1. Do the sum for the chain: with -39,500 (n - 2.57) for every DSSP H run of n ≥ 4, divided by all residues, what is the mean residue ellipticity at 222 nm, to the nearest 500 deg cm²/dmol?
2. Under 22 Å between alpha carbons, and skipping anything fewer than 8 positions from LYS40 in its own chain: which lysines qualify?
3. Compute the helix-to-body angle for 158-167: its Cα long axis versus the longest principal axis of the chain, expressed 0 to 90° and rounded to tens.
4. Would you give the gap between the C-alpha center of the range 79-103 and the C-alpha center of the range 188-262, rounded to a whole Å?
5. Taking amide H positions as placed 1.01 Å from N in the peptide plane, with prolines and chain starts having none, which residues 5 or more places from GLU184, or on another chain, fall under 5 Å of its amide H?
6. How would you classify the range 34-143 from its alpha-carbon gyration tensor, with a ≥ b ≥ c the square roots of the eigenvalues: rounded for a/c under 1.5, else prolate if a/b is greater than b/c, otherwise oblate?
7. Taking the Cα centre of the range 3-204 as origin, sum charge times position over the Cβ atoms of Lys and Arg (+1) and Asp and Glu (-1), and report the length of that vector in debye to the nearest 20.
8. Pairing the Cα long axis of helix 146-156 with the longest principal axis of the chain, what angle in degrees results, from 0 to 90 and rounded to the nearest 10?
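No value in this document is a laboratory result; all are computed from the given coordinates. Not measured: the values here are computed from a predicted model. Neighbour counts are summed over all protein chains in view; Cβ atoms, including those assigned to glycine, are modelled from backbone coordinates with ideal geometry.
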Amino acid sequence: MPENELIHEMREGGILLTTLNRPQAMNAFTFAMYEGLAAKAAEIGQDPAVKAWIITGGGAKAFAAGTDIQQFTTFTTAQHALDYEERIGRVLSAIEDCPKPTIAAINGACTGGGAGVAGVCDIRIASSTMRFGVPIARTLGNTLSLGNYARFSALLGPARLLELIFTARLVEAEEAKSLGLVTEVLPDQEALLARAEALARTIAGHAPLTLRAAKTTLKRLREQAVGGANADDMVALTFTSADFKEGVAAFLEKRKPVWQGR
């Protein structure tokens with residue numbers, strides 16, 4: 001991974017600011033970027049100097065617009081799809097399990113894997129330009145893992161989540177606030193980052209074990225609801241389909257996909 005694709009800066013009061021820095025690609029994640037976030041989450045957990053972690057997107061257009069589609073061009077088997085979802089699940093769990101408070105400061109597009117990363121942060125705040133969603137029914141024709149459906153369902157509720165998946169629409173900032181997806185909407189990116197730092201400093205001054213217990217207990221409640229359920233067959237069905245190949249090709253060719261349902 002080029003060193004500047006993830007920029008980590010220590011700010012006043014033990015606040016670590018991580019910037020997703022591929023603005024030319026709307027900060028779409030490479031696999032190396034995903035792994036870099038997981039590694040940083042583990043490192044933060046062991047670093048007493050870090051009191052809170054903010055994740056944001058570089059440039060003016062996006063927090064992160066999902067996974068870089070180029071990486072799907074080599075997928076040919078169900079195992080490729082299952083390995084991908086296992087990787088994403090592991091990365092999101094690493095961020096979610098970070099014992100320090102995490103804040104997603106969301107400006108612009110926050111879709112697919114970007115929505116996943118923001119979704120596992122403890123708190124989400126947004127600028128007025130935020131657009132959040134998982135438009136896979138319009139773009140690639142794939143699916144989410146069971147773990148990610150559980151995460152998004154916990155945030156939005158199953159009925160709203162199905163509506164967003166089926167319509168492939170993006171939720172804008174004020175609607176996201178009304179849904180409880182974000183807690184605050186700021187007028188612009190500058191105000192967003194200033195508020196994220198102020199909020200992080202406030203939270204960092206509170207009892208760390210109380211914060212850790214709250215986030216861990218809520219995660220256990222969600223995982224208990226899922227139990228032993230499994231949806232690997234749905235991952236294999238979609239990622240090995242002709243429609244998925246068409247979705248990837250259409251995205252890269254900047255055209256509308258032609259779905260066949262097979």
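1. On the way: 10 runs with 126 residues, N = 262.
So the helix-based figure for the chain works out to -15000 deg cm²/dmol.
2. LYS51, LYS100, LYS215, LYS219
3. Taking Cα atoms only, the helix is inclined about 50 degrees.
4. So the two Cα centres are separated by 9 Å.
5. ALA126
6. Numbers: a/c = 2.41, a/b = 1.28, b/c = 1.89.
In terms of gyration-tensor shape, oblate.
7. Working: 17 positive and 22 negative charges, 68 e Å.
It works out to roughly 320 debye.
8. 60 degrees
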